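Undergrad: Structure in structure tokens, see below.
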Amino acid sequence: MNPNPPLHTGPLVPFVNGGLKGTIPTIFDGNHKNTKQFMQEFTLYRMINQDSIIMRIAYTRTALALLFMWGPAINDWVLQQTNSLYIKCNSNAVNRIALTYQVDDEWLWIEFSCNFRHAFTNMALEQQAYSELVSYTMGNKTINEYITQFKHLLQKAGWDHTL
């Protein structure tokens with residue numbers, strides 16, 4: 001018998017999602033190559049379920065996103081984020097921790113999203129896109145092909161082309 005079982009090995013039974021619609025996001029295991037895919041899948045899942053109380057409340061939405069993150073490379077980060085989220089919305093008189101946020105405060109989600117991007121964005125991909133952008137030329141492309149590819153490189157490099 002293993003004296004140190006893993007923190008979370010994932011669901012062993014079908015996920016019961018409390019009436020949420022759509023396909024649940026692929027579990028994010030901390031692999032930087034899958035960050036954008038996870039963010040896209042969770043955003044679509046959130047959009048499909050935007051009227052659900054789980055998605056309308058920042059606290060439960062953040063907890064749900066954390067539920068879809070597990071594996072040896074991410075468990076410690078998830079535990080830290082979970083504890084931080086809990087403490088922000090639940091005061092603790094014994095430890096003299098005051099309530100920081102209400103559960104519906106959108107800053108909970110904004111902070112979590114920023115922390116996630118900071119921890120798991122693949123900076124090498126952004127640097128590679130920047131290098132491609134610097135040397136990008138029109139060549140024999142049509143103007144529409146050039147603009148489309150240029151905008152795509154801007155996005156990959158982490159720049160907002162609308163500014």
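Undergrad: Does at least one position in segment 143-161 carry a residue that is of a type outside the set (S, T, N, Q), touching a Ser or Thr at 6+ places or on another chain (Cβ under 9 Å) and modelled with pLDDT of 80 or more?
TA: yes
Undergrad: Also, quick follow-up: Only one of (1) in contact with a Ser or Thr (Cβ under 6 Å, 6 or more places away or on another chain); (2) buried (at least 19 other Cβ atoms within 10 Å of the Cβ) is not met by Ile54, so which one is it?
TA: Every listed condition holds for Ile54 apart from (2).
Undergrad: Does Tyr101 fit the bill of being hydroxyl-bearing (Ser, Thr, Tyr), within 18 Å of the chain's Cα centre (by Cα) and crowded, with 16+ Cβ neighbours inside 10 Å?
TA: No: the conditions fail for Tyr101.
The values are calculated or read from the model by the stated rules, or taken from the named source; none is laboratory data. Not measured: the values here are computed from a predicted model. Cβ: placed from backbone, ideal geometry, glycine included. Neighbour counts: every protein chain shown.
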